[in-house]
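Novice: Okay, handing you the structure first.
The values are calculated or read from the model by the stated rules, or taken from the named source; none is laboratory data. Note that the structure is predicted; figures quoted are calculated from it, not measured. No Cβ is skipped: glycine too gets one built from the backbone with ideal geometry, and neighbour counts run over all protein chains shown. For accessibility, only protein heavy atoms count, side chains too; no ligands or nucleic acids. Shrake-Rupley method; radii C 1.70, N 1.55, O 1.52, S 1.80 Å.
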Amino acid sequence: MKEARAAAMGLPPDHASLIVHGPDRPGIVAAVTSELTGLGANIVSLAQHTDDPEGGNFFQRVVFELPGLTARMPELRDTMEKTVGTGLGLQWRVRDLSVPLRVGILASKSDHCLLDLLWRQRRGELPILVPMVISNHQDVAEDVRFLGIPFFHVPSAGEDREGPEREMLKLLVGNVDFVVLARYMRVLSPTFLEEVGVPVINIHHSFLPAFIGAGPYRKAKERGVKLIGATAHYVTEDLDEGPIIEQDVVRVSHRETVDELTRRGADVERQVLSRAVLWHCQDRVIRNGNRTVVL
């Protein structure tokens, strides 16, 4: 079953990603590749970055094939801990890339980002499973259920965030590997972000901190902007200021109406969010304080 599902998503068997990051020092690449070779792994791709060769931070992503990966994962983790963790004092994580990540999607009334993710997942373009969609409105319920995905309506309760967030946490905790806010129009509390226990990715227009609140594209039209775009980022306690994963823009002019600006904005939001989700699932994104390194 696992092999069939992975094949349907284009996920090669026995492939894993190894992420390494921490203080830069000579010999990291040699040590990591030597240990992988010693285990009989074939390195498929390797990307690395240092933000300063003299006392900076080092970031590395290695994708490799190791026959019998599932059975050998304990041996692999033990080797990496001894060599990379204890030996080099670096942080590391390894993951079987044939196992799709489970994502819980939160939505409101807008459907463009939500349906784009579900469509890409259905086509095998995103290596994800979607065990649930949660929304504070019923607008997207029919479309979600048509695709065979469980839909849960958790209505907002005015200024009270605790009640709805408790309901969402009951659904999410232990059942998802990360959460995507697909134009979910409620601010999540620090308590929710802590207790959900997994990364949360958000998408919004790139005008911020300008044009805050409702009708940003009308405000942008009135201001005469020449660029519109979108930003995908990890959610932190600081509203819309978490580490940025991906951004993009499109050029516009005085000719576009508000409706056209909104349509083009929705299009770039879909593209930016799908790339951010894909890169997260591929372990390409390494957080570095309030920034990211995308390898």
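Novice: Residues of the range 243-272 being open to solvent by less than 50 Å² (accessible area, probe 1.4 Å), outside any loop (DSSP other than H, G, I, E, B) and among the β-branched types (Val, Ile, Thr), which ones?
Specialist: Ile245, Val250, Val258, Val268, Val272
Novice: Now, a different point. Within the range 108-123, count every residue that is assigned to a loop (DSSP other than H, G, I, E, B), within 20 Å of Glu142 (Cβ to Cβ) and open to solvent by 10 Å² or more (accessible area, probe 1.4 Å).
Specialist: Of the range 108-123, the ones assigned to a loop (DSSP other than H, G, I, E, B) are 108-111, 123.
Still in the list and also within 20 Å of Glu142 (Cβ to Cβ): 108-111.
Of the ones still in play, those that are also open to solvent by 10 Å² or more (accessible area, probe 1.4 Å) are 109-111.
Final tally of qualifying residues: 3.
Novice: Pick out the one residue from Asp78, Asp51, Asp14, Asp96 that is over 28 Å from Val179 (Cβ atoms) and surrounded by 17 or more Cβ atoms within 10 Å (Cβ to Cβ). Lay out the reasoning, then the answer.
Specialist: On the way: Asp78 fails: surrounded by 17 or more Cβ atoms within 10 Å (Cβ to Cβ); Asp51 fails: surrounded by 17 or more Cβ atoms within 10 Å (Cβ to Cβ); Asp96 fails: over 28 Å from Val179 (Cβ atoms).
Only one candidate qualifies: Asp14.
Novice: Do you know which residues across the range 204-215 are in a loop (DSSP other than H, G, I, E, B) and not small (Gly, Ala, Ser)? Quick ask: steps written out before the conclusion?
Specialist: Going through the range 204-215, the residues in a loop (DSSP other than H, G, I, E, B) turn out to be 206-215.
Within the range 204-215, Phe207, Leu208, Pro209, Phe211, Ile212 qualify.
Novice: I'm trying to understand the selection: among the residues of the range 54-67, which are open to solvent by less than 40 Å² (accessible area, probe 1.4 Å) and modelled with pLDDT of 95 or more? So that I can check it myself, show each step before the final result.
Specialist: Kept after step one, since they are open to solvent by less than 40 Å² (accessible area, probe 1.4 Å), are these residues of the range 54-67: 56, 58-64, 66.
Once the filter is applied, which keeps residues that are open to solvent by less than 40 Å² (accessible area, probe 1.4 Å) and modelled with pLDDT of 95 or more, the range 54-67 yields Phe58, Phe59, Gln60, Arg61, Val62, Val63, Phe64, Leu66.
Novice: Still on this structure, please answer the following. From (1) under 24 Å from Thr236 (Cβ atoms); (2) touching a Phe, Trp or Tyr at 6+ places or on another chain (Cβ under 7 Å), pick out the condition that doesn't hold for Arg145.
Specialist: Failing condition for Arg145: (1).
Novice: Follow-up. Restricting to the range 39-52, and then to whatever is under 15 Å from His21 (Cβ atoms) and not in a strand (DSSP E or B), can you tell me which residue is nearest to the chain's Cα centre (by Cα)?
Specialist: Kept after step one, since they are under 15 Å from His21 (Cβ atoms), are these residues of the range 39-52: 46-52.
Applying the additional criterion that residues be not in a strand (DSSP E or B) yields 51-52.
Values: Asp51: 23, Asp52: 26 Å.
Per the criteria, the residue is Asp51.
Yes/no per residue for (1) part of a loop (DSSP other than H, G, I, E, B); (2) buried (at least 18 other Cβ atoms within 10 Å of the Cβ):
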| residue | (1), (2) |
| --- | --- |
| Glu142 | no, no |
| Gly148 | yes, no |
| Glu167 | no, no |
| Leu171 | no, no |
| Gly174 | yes, no |
| Leu181 | no, yes |
| Arg186 | yes, no |
| Leu193 | no, yes |
| Asn202 | no, yes |
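Novice: Scan the range 31-43 and give yes if some residue there is charged (D, E, K, R), surrounded by 14 or more Cβ atoms within 10 Å (Cβ to Cβ) and touching a strand residue (DSSP E or B) at 6+ places or on another chain (Cβ under 8 Å), otherwise no. Break it down stepwise before answering.
Specialist: Quick first cut of the range 31-43, residues charged (D, E, K, R) only: 35.
If we keep only those that are surrounded by 14 or more Cβ atoms within 10 Å (Cβ to Cβ) too, we end up with 35.
Subset that is touching a strand residue (DSSP E or B) at 6+ places or on another chain (Cβ under 8 Å): none.
No, the range 31-43 contains no residue that is charged (D, E, K, R), surrounded by 14 or more Cβ atoms within 10 Å (Cβ to Cβ) and touching a strand residue (DSSP E or B) at 6+ places or on another chain (Cβ under 8 Å).
Novice: Please state which of the following conditions Gly163 fails to meet, knowing it meets all the rest: (1) without any contact (Cβ under 8 Å) to a residue 60 or more places away in the chain; (2) in a loop (DSSP other than H, G, I, E, B); (3) of a type outside the set (Val, Ile, Thr).
Specialist: Of (1) without any contact (Cβ under 8 Å) to a residue 60 or more places away in the chain; (2) in a loop (DSSP other than H, G, I, E, B); (3) of a type outside the set (Val, Ile, Thr), only one is false for Gly163: (2).
Novice: Moving on to the next point. Looking at this structure, is Arg275 out of contact with any helix residue (DSSP H, G or I) (no Cβ under 6 Å at 6 or more places or on another chain), within 21 Å of Ile128 (Cβ to Cβ), of a type outside the set (S, T, N, Q) and not in a helix (DSSP H, G or I)?
Specialist: no
Novice: In the range 63-107, how many residues are in the same structural domain as Gln282 (by the TED database) and either farther than 22 Å from Gly174 by Cα or in a helix (DSSP H, G or I) (or both)?
Specialist: Number satisfying all stated conditions: 0.
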